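Scroll down for the structure; my scribbles are underneath it.
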Amino acid sequence: MRVLVSGSSGLIGSEAVVHYDGLGATVHGIDNNMRAEFFGPQGDTRWNLQRLKQVTHRFHPHGIDLRDRKDVFELFQKQGPFDRVIHCAAQPSHDKAREIPVLDFEVNANGTLHMLEATRLFSPDAVFIQMSTNKVYGDAPNEIPLQELATRWEYARPEDWNGVNEQCRIDQTLHSLFGASKTAGDVLAQEYGRSFGLKTGIFRGGCLTGPAHSAVELHGFLSYIVHAAVHGKPYRIFGYKGKQVRDQIHSRDVIAAFEAFASNPRPGEVYNLGGGRANSASVLEVIDLIREIGGCRLDWSYHAENRLGDHICYISDLRKFQSHYPEWQLRHDLPTILDEMIVAERRSAPIRRAA
C-alpha cells in the first residue's frame with residue numbers, strides 16, 4: 001500500500017503516518033511546518049517530525065507547500081499512484097484567519113483543490129479523506145434551543161440529545177473566515193466525488209485531540225488547557241460563562257473512522273465526526289476533570305466576550321456514520337484521553353499540583 005498524508009506533522013496527520021507505517025505501507029508526508037508561521041514557536045511541529053522519523057520505518061517526509069500546484073503534482077507523479085490520500089493540512093484557527101485571510105484561503109481552499117486534482121489525475125483509484133471541520137456550519141448550531149445547567153449549556157429539546165447532524169445548514173451563518181475557507185474545501189471534495197467518482201469521504205471534525213497536538217491558545221482546546229494546567233500557565237476562558245460544550249475524539253479513533261470508510265467508500269459522502277454525547281464536556285467540567293485525574297490546578301481567568309462565531313454547545317451526532325459503518329466505535333473515553341495527555345505533558349516540566 002502507498003499512502004500520502006498532508007499535514008503529516010500535525011495531530012491527525014502524524015497519527016495516520018504511524019498507523020499506516022505500522023501496517024507496512026510506504027507513507028509519504030507533506031508538511032512545511034506552516035503552523036510555526038501561523039502560531040509562533042509553540043505551534044512548531046518539528047518535534048513531531050523528529051518523533052515520526054524515529055518511530056517509523058517507511059516514512060518519507062516532503063517540505064512541500066500545498067499552494068504550489070506544480071510541486072504537488074510532481075510528488076504525485078513521482079511517488080504515486082497512492083492507495084490512500086489523507087488530507088489533513090490546513091490553517092486551523094478561525095481567530096487567526098482574520099489576520100491572514102488570503103493565506104488562510106490559499107491553504108484551506110486552493111490547497112485542497114490541488115490535492116483533489118492531483119488525485120484525480122494521478123491516483124484516481126485512491127480513497128481520498130478530506131479532514132473538514134464543524135466550523136462549516138458557522139454559528140447555525142447556536143440556534144438550537146439550550147438550557148443553562150450548573151456547569152454546562154445543554155440542549156433543551158429531547159430531539160437534539162444526540163447533537164448536530166449533517167442536515168445542519170452551511171450557508172447564511174457567521175462562519176469566520178476559517179469556516180468559509182474550510183467550507184470551500186469541504187464542498188470541493190464532495191463535488192469531486194459526485195462529478196468524477198473520486199472516492200472522497202468528508203469528515204467534519206469536532207474537537208480532535210491527543211498527545212501529538214502542538215496546541216496553542218487559538219487552536220487545540222483540550223491539548224492547550226492540559227498544557228496550561230500541567231505547566232502552571234495562565235488560561236483564558238472566552239465567554240459563555242465557561243459552560244460552552246465540546247465533544248472530544250482521540251486521533252486514533254479518527255484514523256479508525258477513515259479506515260472504516262476506506263473499506264467501503266461512498267464517494268462524496270459527508271460525516272460529522274467527534275466524541276459524541278459520551279465524550280462531551282464544558283470548559284469548567286474539563287478543568288475539574290484535569291484536577292481529579294492529574295491533580296493539576298489551572299490558573300484561569302474569565303473574559304466575558306466570546307470568540308466570534310464560537311459554538312455555545314456542540315456535540316457531534318455520530319448516528320449517520322455509525323449506521324453506514326457499524327464496525328466503528330469510540331475506543332477512548334474522555335478520562336482516558338485526559339490521562340494520556342497529562343502523562344505526555346508531565347515528561348517535560350514540573351507539575352503545578354492542586355491545593
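The values are calculated or read from the model by the stated rules, or taken from the named source; none is laboratory data. Computed from a prediction, not measured in an experiment: that's the story for all the values here. Virtual Cβ from ideal backbone geometry, glycine too; neighbours counted across all protein chains shown.
Brief remarks follow.
- Residue list for the stretch 233-271, restricted to those being within 26 Å of SER8 (Cβ to Cβ) and touching a Leu at 6+ places or on another chain (Cβ under 7 Å): GLN248, ILE249, SER251, ASP253, VAL254, ALA257, PRO267
- Which listed residue is surrounded by fewer than 20 Cβ atoms within 10 Å (Cβ to Cβ) and part of a helix (DSSP H, G or I), from SER195, SER181: SER195
- Meets criteria (on the phi > 0 side of the Ramachandran plot, in contact with a Ser or Thr (Cβ under 6 Å, 6 or more places away or on another chain) and touching a residue at least 12 places away in the same chain (Cβ under 8 Å)) for GLY295: no
- GLY43 modelled with pLDDT under 95 and either on the phi > 0 side of the Ramachandran plot or surrounded by 13 or more Cβ atoms within 10 Å (Cβ to Cβ) (or both): yes
- Filter result (without any contact (Cβ under 8 Å) to a residue 60 or more places away in the chain and over 21 Å from ARG69 (Cα atoms)) within the stretch 15-46: VAL17, VAL18, ASP21, GLY22, LEU23, GLY24, ALA25, THR26, ALA36, PRO41, ARG46
- Members of the stretch 61-75 that are surrounded by fewer than 24 Cβ atoms within 10 Å (Cβ to Cβ) and in contact with a Ser or Thr (Cβ under 7 Å, 6 or more places away or on another chain): PRO61
- ILE202 more than 30 Å from VAL55 (Cα to Cα) and either modelled with pLDDT of 95 or more or assigned to a loop (DSSP other than H, G, I, E, B) (or both): no
- Matching residues in the stretch 301-325 - criterion: being part of a strand (DSSP E or B) and surrounded by fewer than 17 Cβ atoms within 10 Å (Cβ to Cβ): SER301, TYR302, HIS303
- Restricting THR133, THR151, THR209 to residues that are within 30 Å of MET341 (Cα to Cα), at pLDDT 95 or above, within 15 Å of the chain's Cα centre (by Cα) and not aliphatic (A, V, I, L, M) narrows the list to THR133.
- Selection of the stretch 302-314 for residues being of a type outside the set (Asp, Glu) and over 29 Å from THR336 (Cβ atoms) yields HIS303, ALA304, ASN306, LEU308, GLY309.
- Residue match in the stretch 298-316 (condition: free of Cβ contacts under 8 Å to residues at least 40 places away in the same chain and more than 26 Å from ALA189 (Cβ to Cβ)): no
- Listed conditions (1) buried (at least 24 other Cβ atoms within 10 Å of the Cβ); (2) free of Cβ contacts under 8 Å to residues at least 40 places away in the same chain are all met by ASP160, apart from (1).
- Criterion violated by LEU49 - all others in (1) in contact (Cβ under 8 Å) with a residue 60 or more places away in the chain; (2) within 22 Å of VAL107 (Cβ to Cβ) satisfied: (1)
- Residue in the stretch 46-65 that is within 30 Å of LEU174 (Cα to Cα) and under 19 Å from the mean Cα position of the chain (by Cα) present: no
- Unmet criterion (only one of (1) at positive phi; (2) within 17 Å of the chain's Cα centre (by Cα)) for VAL270: (1)
- Among the criteria (1) farther than 17 Å from LEU11 by Cβ; (2) surrounded by fewer than 19 Cβ atoms within 10 Å (Cβ to Cβ); (3) under 18 Å from the mean Cα position of the chain (by Cα), the one ARG331 does not fulfil is (1).
- Among the residues here, ASP104 qualifies as within 30 Å of GLY309 (Cα to Cα), assigned to a helix (DSSP H, G or I), among the charged types (D, E, K, R) and in contact with a helix residue (DSSP H, G or I) (Cβ under 9 Å, 6 or more places away or on another chain).
- Filter pass, ARG252 being in contact with a Cys (Cβ under 6 Å, 6 or more places away or on another chain) and over 13 Å from PHE321 (Cβ atoms): no
- Tally, over the stretch 134-151, of residues that are surrounded by fewer than 22 Cβ atoms within 10 Å (Cβ to Cβ) and outside any helix (DSSP H, G or I): 9
- Flag for GLN77 being farther than 20 Å from MET1 by Cβ and assigned to a helix (DSSP H, G or I): no
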